[in-house]
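The values are calculated or read from the model by the stated rules, or taken from the named source; none is laboratory data. What you see is a predicted model; the values in this text were computed from it and never measured. Using ideal geometry, Cβ is built from the backbone for each residue, glycine included, and neighbour counts are taken over all protein chains shown. Side chains are part of the model used for accessible areas, which takes the heavy atoms of the whole protein and leaves out ligands, DNA and RNA. Shrake-Rupley method; radii C 1.70, N 1.55, O 1.52, S 1.80 Å.
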Amino acid sequence: MFSFINNMRLKTPGQSLLTLCILLLVPNAFAEQRPNIILIVADDLNWDDLGAYGNTGVKTPNLDKLAKNGMRFDNAFLTASSCSPSRASMITGRYPHNTDAEQLHWPLPKEQLTVSQTLRDAGYWTAAAGKWHLGEDTKQRFDEVRESKYGIDEPSGSAQWVPLLEMRPKEKPFFLWLASWDSHRPFYQGEYPHSHSQEDVRLPPYYPATELYMNDFAAYYDEISRLDEHVGKVVSTLERQGVKGNTLIIFVADNGRPFARDKTTLYDSGVKTPFIAHWPDGIAKGSISDSIISSIDLAPTFTALAKADTPTSFEGRSLFSLFKNPSASFRDYAVSERNWHDFEDHGRSVRTKRYRYIRNNYNDLPATPSADTVYHKTWWELTRLFEQGALTEHQARPFLAPRPKEELYDLLNDPFELTNLATDENYLSVLRHHSDILDKWILASGDFIPSFRTPDDFDRVKGAYAPHRKRPRPSKMQMYQASGSY
């Protein structure tokens, strides 16, 4: 803006008066320019499977650079470890059970308010490209949607990201929702910029270090590297267009990696997310925040930066204060949900800085992972080893039934959440504290246990599809009235 004013410096009094009149006719000339906003959502990516988060075996140079030149959040959590409920939560700023889209593949109802519509009403050009998963009605909340269907259009789901940037109207600020298919199964689709090997793999101790697992993790890393390449193309396009400085890019995942004890679980490997915020004009380089944040904080952050009215339905808080002061206190805890995802389940979790508390409401059921895991050969191998008694207690956890009603983990001393402290008398006060937090959140957010159980889509052991099953979907009021209290 100042360069614009300098260019208008003229010598004669008459010309100066003309300049003043022009500026008076443009009342926003001195106003702070609203930032462009890009949300990049990775598919099935673990929080610590990036170089920026310490996994140097994965080749992610573009995301690492984004973090180096922006802010890395080390305690960011999702509201669900399931694709569509997690995304619905982001776009509405609401907990999944309040979106009426808390089960996998339930489309977001048209009465739900979205941040895309709010920004469009505030003068932003809004567009989405890549994986969709939010229902047809939500497409009407954008000016442009370019959906990529997996295995039909292109394997990554990111091919339309840059074309969307190229077609945007240059006179408006923009909001882009860019969603990738990487690193969703199946792997080995298309070409990758980097080829990873077993030597690159950092395998969690709750998986057996078999040849199959090591190679499958390497293929998962390949998918991450392709996602990283597309992120780099977006940044390069912004730079070429001259808008990189005033564009906020936030990179997150929708849930954890597509393996048996990660995706759909309530552990950190299911609901903790990488969260990188890059905004040269608004965020200091190399910033790191240890503050607890939630994915419901995305929507109110965007409306605040756009100087738009934040809908009262949004349950999150703007992150702007953390952009300025990364060490500021923000949340005492984050809450995550587990609902139906191919297989029935219902659980809730509270995460504080040190501890994770999980309440398994359907603890009679095993923690069967998502179908894309169950019909993969890594699950078959895990099943075979379990039947042979060759798995450790931690590796056999997905088969355990009944499960503990409550789980408590000390993340400071047990980062992989292997030792359940819920029955340890030394942690009784910690357990009660976190249980009380969850009880209060249940009341405040209107949460409840459904009065019915949704049938599974697949056989829990063999992965065979159940084609004749029909999933019931009563109204939210019917479920609440039938269930009574939590």
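Structural remarks
- When the charge dipole of the range 263-419 is built from unit charges on Cβ atoms (+1 for Lys and Arg, -1 for Asp and Glu) and taken about the Cα centre, the candidate among Ser318, Phe399, Tyr362 whose Cα reaches farthest toward its positive end is Ser318.
- Among residues other than Arg348 with Cβ under 9 Å from its Cβ, the summed charge is 0 (Lys and Arg +1, Asp and Glu -1).
- Dimensions (Å) - the range 134-280, Cα atoms, principal axes, largest first: 55, 33, 30
- Percent RCO, i.e. relative contact order, over the chain, from Cα pairs under 8 Å lying at least 6 residues apart: 19 percent
- Long-range HN-HN contacts of Ser148 with modeled amide H, under 5 Å: Gly130, Lys131, Trp132
- The distance from the alpha carbon centre of the range 150-218 to that of the range 96-135 is 22 Å, rounded to a whole number.
- For the range 214-353, the relative contact order works out to 18 percent when only alpha carbon pairs closer than 8 Å and six or more residues apart are counted.
- A cut-off of 5 Å between modelled amide H atoms, ignoring neighbours fewer than 5 places along the same chain, links Ile37 with Phe174, Phe175, Leu176, Leu248.
- Note on the range 351-449: Cα Rg divided by 2.2 N^0.38 Å, N the number of residues, gives 1.25.
- Scattering curve values for the range 37-120, log₁₀ I(q)/I(0), Debye with Cα scatterers, q = 0.13, 0.24 Å⁻¹: -0.53, -1.14
- Three-way shape call for the range 251-322 based on the alpha-carbon gyration tensor, with the a/c threshold at 1.5: oblate
- The Cα-based radius of gyration of the chain, divided by its Kirkwood radius, gives an Rg/Rh of 1.00.
- Contact order normalised by residue count of the range 125-237, Cα under 8 Å, 6+ apart, percent: 28 percent
- Accessible surface comparison of Glu381, Glu191, probe 1.4 Å, protein chains only, largest first: the order is Glu191, Glu381.
- Neighbourhood net charge (14 Å Cβ-Cβ; Lys/Arg +1, Asp/Glu -1) for Asp410: -1
- Helix 13-25 axis, angle to the chain major axis (alpha carbon atoms, nearest 10°): 30 degrees
- For Arg72, the solvent-accessible surface with a 1.4 Å probe is about 60 Å², rounded to the nearest 10.
- Nonlocal amide H pairs with Ala253, under 5 Å, H built at 1.01 Å: Ala42
- For the range 239-281 versus the range 327-390, the gap between their alpha-carbon centres in whole angstrom: 20 Å
- Couplings 3J(HN,Hα) of the range 426-439, computed from phi: 5, 10, 4, 5, 5, 4, 5, 4, 6, 5, 5, 4, 5, 4 Hz, in residue order, whole Hz [Karplus 6.51 cos²θ - 1.76 cosθ + 1.60, θ = phi - 60°; x for Gly and Pro].
- Listed by chain and number, the lysines placed with their C-alpha closer than 16 angstrom to that of Lys170 are Lys244; residues fewer than eight positions away on the same chain are left out.
- Sequentially through the range 309-317, phi angles give Karplus couplings (6.51, -1.76, 1.60; θ = phi - 60°) of 5, 7, x, 5, 6, 5, 9, x, 10 Hz, Gly and Pro residues having no value and appearing as x.
- Estimated 222 nm signal from helices in the chain, with DSSP H stretches of n ≥ 4 weighted -39500 (n - 2.57), rounded to 500: -8500 deg cm²/dmol
- What the Cα convex hull of the range 190-230 gives, in volume per residue, is 70 Å³.
- Listed residues Met167, Met71, Met214 arranged by accessible area, highest first, probe 1.4 Å: Met167, Met214, Met71
- Across q = 0.16, 0.19, 0.20 Å⁻¹, the range 203-293 modelled as identical point scatterers on its alpha-carbon atoms has Debye log10 I(q)/I(0) values of -0.85, -1.03, -1.07, in the order of the q list.
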